[in-house]
Each structure stands twice: as structure tokens, then as C-alpha cells.
Amino acid sequence: MNRQQLSRQKETAPSPVIDGNTAARSSTTRSNTSTDEGHRNEIVPPVPGANRPRTRQLSGIRKEKVFTDGTVQYGEPQSLDEALNDKNWKEAMDLEYSALVKNKTWHLVPPQKGRNIIGCKWVGRSDNLMYIMLSCMEFWRRKYTCINLLDFYVCRVDKALYGLKQAPRAWYSRLSAKLISLGIKASKADTSLFFYSQGGIDIFMLVYVDDTILAGQAVDALLTDLKKDFAIKDIGNLHYFIGIEVNKVSDGIILTQNKYASDLLKKVGMSDCKPVAMPLSTSEKLSLYESSRLGEKDATNYRSIVGGLQYLTLTRPDIAFSVIKVCQFLHAPTSVHWSAVKGILRYVKSCTNMGLKIHKSGSNLITAFSDADWAGSVDDRKSTGGFAVFLGSNLIT
């Protein structure tokens, strides 16, 4: 048979018929129909749309729409207008403003040429103590920048105001002067700690900016004296202080940082990470020269997270050694160091509610334990040491 006859037979051969169901089951169905007995079987492609699946949309089936309220209520205002529109925040602002006026923090004067007028704003912060702190006042700056042709006044600050660089020292000087006049002394080891010990009366006062902890006898008498010069709000028994939760138990207290640890995990995006049983492998030796350096942005994030872990060690001595190890590479972190930090965070995830128990002890004896390895650093062969200090039977550092 010549080529012309073979070509004519192909043109007159009947087209194969493909069942749609067969095509839908397999995309490589072989046809047993051929143009002649000697020709091999050909692969027939499926017919598009021959057996299209019937979906709910094609059948006209619709689920009834249900609308829900997805509004998120923010705890802190994002702007001055938002704060003024909120009844609670406006009330807090009025109270703070009244306190500043009562204390004669400033007086109004006309602006003077050549004098720099400092811009300022309201800053609202809410925490478990429900303290609202005023940084400065934004409306004075707005009045100065928006009204150019009218006469107006500005505030001449007579006393230290939140946000000014002199404020921390001025506040501490005034508070410490008042306490010293009452016979209360400042600790030489920690200037934030004040104590009074006379006539069988012991009082301890720990100060952090304008938040204080009072413990001891005759606390009410001390509060009465302080209220003569300061506006003080007594919030009762201690439950929360600068990120540390205080839980009372029958034989003492338990200090935890559950909320702080959860916030730290949320900041890194590891709230749902897989927990592990150890913060750092005992066989892993971190080195300065392994792996690639982190970029500038990632290195800054590394330092921020490690700094947060350092504060967590206040009530978590179980992670202290691991955190100290990753702190050794703050100047030049690598991807391996970042993996080690994430390992610590995974361990924290497994026990965010773990804390430090302080119970009553009949002894005031200070006991210290220490240990060190030998040339443990793979970079410079320096030794690494650690210590634990107990007051009586309580671990304090």
C-alpha cells in the first residue's frame, strides 16, 4: 500500500466515539479503534466538560448569610480625637489635667521671640494598675502651629513634666527628700529601695517611677504622711507590679510573669509554636563564626527579643543560663543564634505559668552556690560560670 492510499484511508476512517464517563475517570484512556490493524493504539484526550461535576453553585444552592459583629475594641486610644470621644478616657484626662493645674505645673505666658516652643502630646497608657500617665499636652502645639495671626499664650513649665529629660531626676529628688524627712533611708545597693527600722517597726518601700510597694508595720501611718504632699491612690493588696504577677498561697507567694511571657511570644509570632522540654541543648556549642550573619533589621529584632528574655529571668531561673549564652552574641548574631533564641521561646511556651515561690523562712542567712565549666567557649576557650544566692531557703538571685 503506497502513501497516497494510506492517507485516503485515514481521511475516510470513522472517528472514534468516547464515552464521557470513561473520559472523566481517566485522562489517559486508550482507544481500541484504529485506522488499520497494523496501527498501534492511540491515546485519546478527555472531552472538556463532558462530565463536569455538579457543585452547589451550579445547582443554585445558597447558604443563608449570617452577619456578625466583628468590631475590635482597643484598650488604648490611637489618637486624641478617639480619646476625647470615649467617656472613660475623657474623664481620666480631665482628672490628670486638674491635678496638673492644682500642682501649679505651669503658668500661661505670651510666646517670646527666639524661644523654642516644645511640641507635646497626650499619651494614654492602661495597665493592670489602671494608671493614666500624662506625657505632655498636644493641644498647645496645635494651637501654636495652626493659629498664626491671633494672639495666644503658651505654657511656661514651672515643675518637671512627664516627657522632659529632667523629670525622672526631679521626681526622685522630691520623693526621696520627703522620705528622708520622715526618717526613711535609701538603700546603698539599690536606690529604688527605701527602708525604715526603728523601735521594732520595719517598713520597706520599693519605688518604680510613681508605682510603689509598701511592706511592714505602720504602713497606714506612712501613707497618711505621704498624702500630705502627693496624690496617692491605694489599690490594696499587691497583685501585679511592673510585669510580675503576685499570687498568694497558704505558705507564701508565687511570683510569675505569665502575661509578660505570653506577650513576648505574641510579639515574635510564636503564640502557637510547638513547645519543647528544654531551653537549650546541653551538647550544643554556640560559636561566633558559624552560619551567616543576620541582617540589620533581624539583628535589631534579635537584641529586642533577647532583652525581653532577660527580664523574664527575674522569675525564671530555669532559663537564665540559656539566655546568658545567647546574650554573648548580641553584637553579631547569626541564624544559628536566632534558632537558639526560638528554642528558648518554645520552652517558655511549654510553661508560661512557671514562677518563683517565696515562703516564710526562719533564717536570714545568705547562702551562695557557684559552678563553672573549663574552657567551654569554642571561640576563645574562656570558662563560663554561674551562681545562685539564697536568703534563708528562698532563691533571690
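Please treat every number below as a calculation from the coordinates, not as lab data. Please read these numbers as outputs of a predicted model, since none were measured by experiment. Here the Cβ positions follow ideal geometry from the backbone for every residue, glycine too, while neighbour counts run over all protein chains shown.
Under 26 Å Cα to Cα from Lys178, which lysines show up? Leave out anything in the same chain fewer than 8 places away.
The qualifying lysines are Lys102, Lys104, Lys159, Lys165, Lys188, Lys227, Lys228, Lys233.
So which lysines can Lys267 reach, going by Cα to Cα under 20 Å and dropping same-chain residues fewer than 8 places off?
Within the straight-line limit of under 20 Å, Lys267 reaches these lysines: Lys259, Lys297, Lys342, Lys349.
Taking a ≥ b ≥ c as the square roots of the Cα gyration tensor eigenvalues, with a/c under 1.5 meaning rounded and otherwise prolate when a/b beats b/c, else oblate, which class fits segment 243-350?
Prolate.
Under 1.5 on a/c is rounded, so check that first for segment 335-383, then, if it is not, pick prolate when a/b is larger than b/c and oblate when it is not; a ≥ b ≥ c are the square roots of the alpha carbon gyration tensor eigenvalues.
Details: a/c = 5.97, a/b = 1.31, b/c = 4.57.
Taking the square roots of the gyration eigenvalues as a ≥ b ≥ c, segment 335-383 is oblate.
Give me the number: length gained by fully extending Asp94 to Lys382, i.e. 0.36 nm times residue separation minus the C-alpha to C-alpha distance, one decimal in nm.
Working: separation 288, 0.36 × 288 = 103.68 nm, distance 5.85 nm.
Extra length from Asp94 to Lys382 when fully extended: 97.8 nm.
So for segment 214-363, averaging the separation of alpha carbon pairs under 8 Å that are six or more residues apart and normalising by length, what relative contact order in percent results?
On the way: 156 pairs, mean separation 51.6, N = 150.
Relative contact order of segment 214-363: 34 percent.
Could you tell me the center-to-center distance, by alpha carbons, between segment 286-327 and segment 219-244 in angstrom?
Between the Cα centre of segment 286-327 and that of segment 219-244, the gap is 36 Å.
Neighbour counts of other C-beta atoms within 10 Å: give me Val101, Val219, Val323 arranged from fewest to most.
By the 10 Å Cβ count, ascending: Val101, Val219, Val323.
Which Cα, out of Phe387, Trp374, Gly308, lies furthest along the positive dipole direction of segment 305-397 (beta carbon charges, K/R +1, D/E -1)?
Farthest towards the positive pole: Gly308.
Using R₀ = 45 Å, calculate the FRET efficiency as 1/(1 + (r/R₀)^6) where r is the Cβ-Cβ separation of Thr282 and Val123; round to 0.05. Can you show the working numbers first?
On the way: r = 46 Å, r/R0 = 1.01.
For Thr282 and Val123, the calculated efficiency is 0.50.
Starting from the Cα of Ile396, step 7 Å toward the Cβ, then list every residue of segment 173-199 with an amide N under 19 Å from that point.
Correct set: 185-198.
Which FRET efficiency value, to the nearest 0.05, is calculated for Met354 and Phe152 with the Förster distance at 51 angstrom and r the Cβ-Cβ distance? Could the numbers behind the result be given before it?
Details: r = 57 Å, r/R0 = 1.11.
Working from the Cβ atoms, E equals 0.35.
Give a quick list of chymotrypsin sites (Phe, Trp or Tyr not before Pro) in segment 292-397 that DSSP marks as loop, anything other than H, G, I, E or B, with at most 12 other Cβ atoms within 10 Å.
Loop-located and lightly packed - Trp374.
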